[in-house]
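The structure under discussion appears below in the form of structure tokens.
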Amino acid sequence: MYFYIYDSFLVKKKYDKTLSKIETRLASLDIAGRKHKLSILKSVSEITHKILEQDISPTIVVVGGDETLCEAALPLAGTEATIGFIPTENDSLIADILGLPVNEYACDVISARRIEYINLGKINNQYFFSSIEFEPKQSLILADKKYQIIPKKIKSVKVINLDFLRFQKGIDGSPEEKMVSNPKDDYLEVLMGASQQKLLFFKQKEKRDSLFFVKKLSIDPKNPKNEVLIKVDQKNIIKAPALIEVAKEKLKIIVGKDRLI
Amino acid sequence: MFGKDLKIKPEEAETIIGAGVKVEGTFNAVGNVVVKGELVGSMETQSDVYLMEGGVIEANIKASNAIIAGRVKGNLKVEEKIELSSTARLSGDINCQSLSIEEGAILHGKCKVGGDPKLSAKEKKQQKEQQEIEE
């Protein structure tokens, strides 16, 4: 059965027309289902857990933005549920990666049900969908229990499961390359960047030029008195020590034919 | 919006140790490794190693090919070719099938290039004499 979770921002009047077009298209494709609208009182995980109680193998489609999709996907890891996405914003990065058109055009992709099994990341037994980020200044980083990564002049570390990677592959001056992480290879990509001082306006610009592929990464504070804060999926904050790894459980996700993964 | 060739494949991907990073320990990679920073310990990859100018490796290296433009302190065991560019500073023994050294490169260590060399006439004679004594 199909369940649709509507993002909280879709209550705005400007989305009325878009939603009506989406609903008409879903009905004509014969995949209309139960609607759940997010609000301050109804969280995504609450709704997702409720759906899983009702149906063992539901198809849960998030209508809205990337952040809600990330959140809705987490409880579905290792279950028989399938997740789909109808992006309503043109700047959706996940839509680009999954090869999804926006608004009512994404309904045809949902109907086609092209399914991929992808990895989720795990940080201290909590799943993450896209990436985690932290400042490495006060932290000890151990990769795959084999080697230590010691950042010097590094501003931020990003551990990626599913996201775009922007980094400088070649020597100084070479342009940044834009690639997509592979969420099916059982590896996490670790991207690091040094802060670079620009002479003009003394603006700090980050130059990401280190890329590692790891299965496990542990982060510990150098000094127990110092806090190392880790941002998970651009939203939640977790304190180190933390163990980051690829989750064994996979996620069933509907993708378009123009997907990048 | 973006081509499908953007996807990273681990066997083709390049691990990049950037200028602002030091790696310490046993570093094993599947794909190519580009070192612009520092690596201390040991290093092994099934593909190629590129040590850029300014990069430092203090480790024994095992790889398929090695292109060295930085500083290495350790032994290099390479299945195919080692290329030392003019800025390379290598202190250690090398073992490979073929070696190219650019003018200006510094190499302190023993070299074993190519397969097992054929025995010289003198060595053959000595070997024959020893066999006769044993018989």
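Just so you know, all these numbers are worked out from the coordinates, no wet-lab data involved. These numbers come from a predicted model, not from an experiment. All Cβ positions, glycine included, derive from the backbone under ideal geometry; neighbour counts span all protein chains shown.
Just a few scattered comments:
- Dipole check for region B:38-99: with +1 at the C-beta of Lys and Arg, -1 at the C-beta of Asp and Glu, and the Cα centre as origin, the magnitude is about 140 Debye.
- Note on the protein assembly as shown: with charges restricted to the Cβ of Lys and Arg (+1) and Asp and Glu (-1), its dipole about the Cα centre is near 1060 debye.
- Of all DSSP-defined beta bridges confined to the protein assembly as shown, some 50% are antiparallel rather than parallel.
- Computed over region A:54-100, the percent of Cα pairs more than 15 Å apart is 42.
- For B:Phe27, net neighbour charge (Lys/Arg +1, Asp/Glu -1) across residues whose Cβ lies under 13 Å away: -1
- Normalised Debye scattering of region B:29-92 at q = 0.18 Å⁻¹ gives log10 I(q)/I(0) of -0.50, counting only Cα atoms as equal scatterers and leaving out solvent.
- Within a Gaussian network of chain A (alpha carbon springs, distance under 10 Å), most fluctuating of A:Gln54, A:Gln126, A:Gln138: A:Gln54
- Pairs from A:Lys145/A:Lys225; A:Lys158/A:Lys252; A:Lys257/B:Lys36; A:Lys42/A:Lys248; A:Lys146/A:Lys239 whose Cα-Cα separation, in the structure shown, is over 27 Å: A:Lys257/B:Lys36; A:Lys42/A:Lys248
- Each principal axis of the protein assembly as shown carries a Cα extent, and these read 95, 58, 38 Å when sorted largest first.
- Top of A:Ala240, A:Ala95, A:Ala27 by mean-square fluctuation, Gaussian network on chain A, Cα under 10 Å: A:Ala27
- Debye intensity ratio in log₁₀ form over the Cα atoms of region A:1-133, taken at each q of 0.21 Å⁻¹: -1.43
- Counting only aspartates and glutamates at least 8 places from A:Lys235 when in the same chain, those with an alpha carbon closer than 19 Å to its own are A:Asp7, A:Glu46, A:Asp66, A:Glu67, A:Glu71, A:Glu89, A:Asp91, A:Glu133, A:Glu135, A:Asp163, A:Glu227, A:Glu245.
- Tensor-based shape of region A:27-69 (alpha-carbon gyration tensor, a/c under 1.5 rounded, otherwise prolate or oblate): oblate
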